Amino acid sequence: MSKERIIVVGAGAAGLMAAGQAAFKGTEVLLVEKMEKPGRKIAISGKGRCNLTNAENVGDFIQNYPGNGRFLHGILREFDNVRLCEFFAHYGVDTKVERGGRVFPVSDDAEAVVQALLQFIAEAGVDLRTNQTVDEILISDGRVEGVRLNNREVLKASAVVLCTGGGSYPGTGSTGDGYRIAKKLGHKVITPRPSLVPLKTMENWVKELQGLSLRNVEATLWYGGKKQKTEFGEMLFTHFGVSGPIILTLSRWAGEALAHSEKVELKINLKPALTPEQLDLRLQRDFQKFANKQFKNSLDEILPKSLIPVIMDLSKIPADRVVHQITREERKRLAQLMQGLTLTIKETLPLAAAIVTAGGVDVKEIDPKTMASKCIQGLFWAGEVIDVDGVTGGYNLQAAFAMGYRAGRAASEYLYSRV
Ligand SMILES: Cc1cc2nc3c(=O)[nH]c(=O)nc-3n(C[C@H](O)[C@H](O)[C@H](O)COP(=O)(O)OP(=O)(O)OC[C@H]3O[C@@H](n4cnc5c(N)ncnc54)[C@H](O)[C@@H]3O)c2cc1C
């Protein structure tokens, strides 16, 4: 007979929440973490500031999960952004709302979020073991019996909550172990792939723009011969291609299209607030003002400095052409370039460099009411290891916390139902 306790595997956002919730319901909980310190991914999240959720109306939340948002419907309603902020406030982490509804600790310190969770599990009486890697889930008669560590030690338990995270940023401990464990248990795993990841481009001129950040621009993804998705906001040029919030959001679809060998293009509208006619009028005005200057000295008021040589080059208008000699056709070409700067996407950066993993344990095999496996009794799943992913803005952590909340409580109820 297994010892009547729960083992939670992985002390990330989902695992810490699950362990604390189960223990607060009076269950004995052992939380096993492979790294020396728990919550390493939380600590680096939001560039060290931890964008822990989003202030958006919870009714509109689901649309921010391109990966199986519907699975999260009831889960996010039960433990929503308001409850999450109340939870952290209770443990001393007050929050503030920034651009795009992004919620951060007032202290701008992701480590404070980890400390709050550690205080929570300590108060709940969770036994935390770090530097221990779970290698296998032990099953007998279709039921969980415990886990085996990679040092062969066996730890008995009547229920296991698997919260091993995705496969990105493996230095934080999330090395995709859950996928291997899931397959061995007979669970279907949807091929893990990078999401929220920078994009590499064919065009080498991006190198010249390295470090240039553009605000209030529109980026549109084209594949399959048509316009697919548009995002408005901030983006960044890097030495290999493009990154920044709107690019990360589009990357999920770019990756999918590339996997189907499609030609993927990104068109950047540098002046989305203007219609083509308005932009043409604006250029006419600027060209009148600078009529006797050379073309290379006429764009300072309409484009960021580092972008001017690139746009000039692509426009094929000679840099030393006197502005009043620029033809109407050339001006139109320039305007088109400003509203459709085209990049060909070569590939995404690898999974290791992604903010989240799309794919994972198939949601069809998990009961969203309890997070219980439909394949094995006593097994529960929570967090990024599941085939669920959100866009940037705090949605991924909110989902991990909410799934952990539900899984921890349900695992505890499962234990009580057995006695
Ligand atoms: C750079 C970066 C920035 C991010 N910023 C944000 C943000 O600001 N807002 C947001 O919402 N999301 C953000 N995310 C995404 C978010 O951090 C994750 O979606 C979230 O942490 C997933 O939580 P999780 O508990 O499922 O997995 P994780 O937090 O990855 O935790 C999994 C844990 O399991 C442990 N583990 C793995 N295998 C084993 C094993 N075999 N045995 C024992 N332990 C194991 C790992 O060591 C790890 O501690 C960011 C991600 C990255 C990489």
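The values are calculated or read from the model by the stated rules, or taken from the named source; none is laboratory data. Keep in mind that what you see is a predicted model, and the values were worked out from it rather than measured. Positions of Cβ are generated from backbone atoms using ideal geometry, with glycine treated the same way; all protein chains shown enter the neighbour counts. Surface areas here come from the heavy atoms of the whole protein model, side chains and all, with no ligands, DNA or RNA. Shrake-Rupley method; radii C 1.70, N 1.55, O 1.52, S 1.80 Å.
Odds and ends about this structure:
- Dipole magnitude for the chain: about 820 debye, using +1 per Lys or Arg Cβ and -1 per Asp or Glu Cβ, origin at the Cα centre.
- Two tests apply to each whole DSSP H helix in the chain, Cα reach of 15 Å or more along its axis and mean Kyte-Doolittle hydropathy of at least 0.5, and the ones passing both are 13-24, 110-124, 245-259.
- Distance histogram in 5 Å bins (all Cα pairs of the range 52-147, percent per bin): 3, 11, 15, 15, 14, 16, 14, 8, 3, 1, 0
- Measuring against 26 Å, Cα to Cα, the residue pairs Lys296/Lys332; Lys25/Lys47; Lys207/Lys316; Lys188/Lys369 contain Lys25/Lys47 as the ones spanning a longer distance.
- When restricted to Cα atoms, the range 214-261 yields an Rg and a Dmax of 10.9, 31 Å, respectively.
- The chain, accessible surface, carbon-and-sulfur percent (1.4 angstrom probe): 49 percent
- For the range 289-341, a crude dipole built from +1 on the beta carbon of Lys and Arg and -1 on the beta carbon of Asp and Glu, taken about the Cα centre, is about 120 debye to the nearest 20.
- Positive-end residue of Tyr65, Pro318, Ser158, charge dipole of the chain with Cβ unit charges: Pro318
- Cross-link reach list, lysines versus Lys183, counting only Cα pairs under 19 Å and skipping chain neighbours closer than eight places: Lys364, Lys374
- The heavy atoms of Leu274 present about 50 square angstrom of accessible area, all protein chains included, probe 1.4 Å.
- Dipole size of the range 20-156 about its Cα centre, with +1 on Lys/Arg Cβ and -1 on Asp/Glu Cβ: approximately 300 debye, rounded to the nearest 20.
- Working from label points 7 Å from Cα in the Cα-to-Cβ sense, the Glu98 to Ile44 distance is 1.8 nm.
- Here's the list of lysines a cross-link from Lys229 could span, going by alpha-carbon distance under 24 Å and ignoring same-chain residues fewer than 8 apart: Lys200, Lys263, Lys267, Lys271, Lys346.
- Measure of compaction for the chain (Cα Rg per 2.2 N^0.38 Å): 1.15
- At q = 0.15, 0.18, 0.21 Å⁻¹, base-10 log of I(q)/I(0) for the range 282-419 (Debye sum, equal scatterers on each alpha carbon): -0.78, -0.96, -1.15
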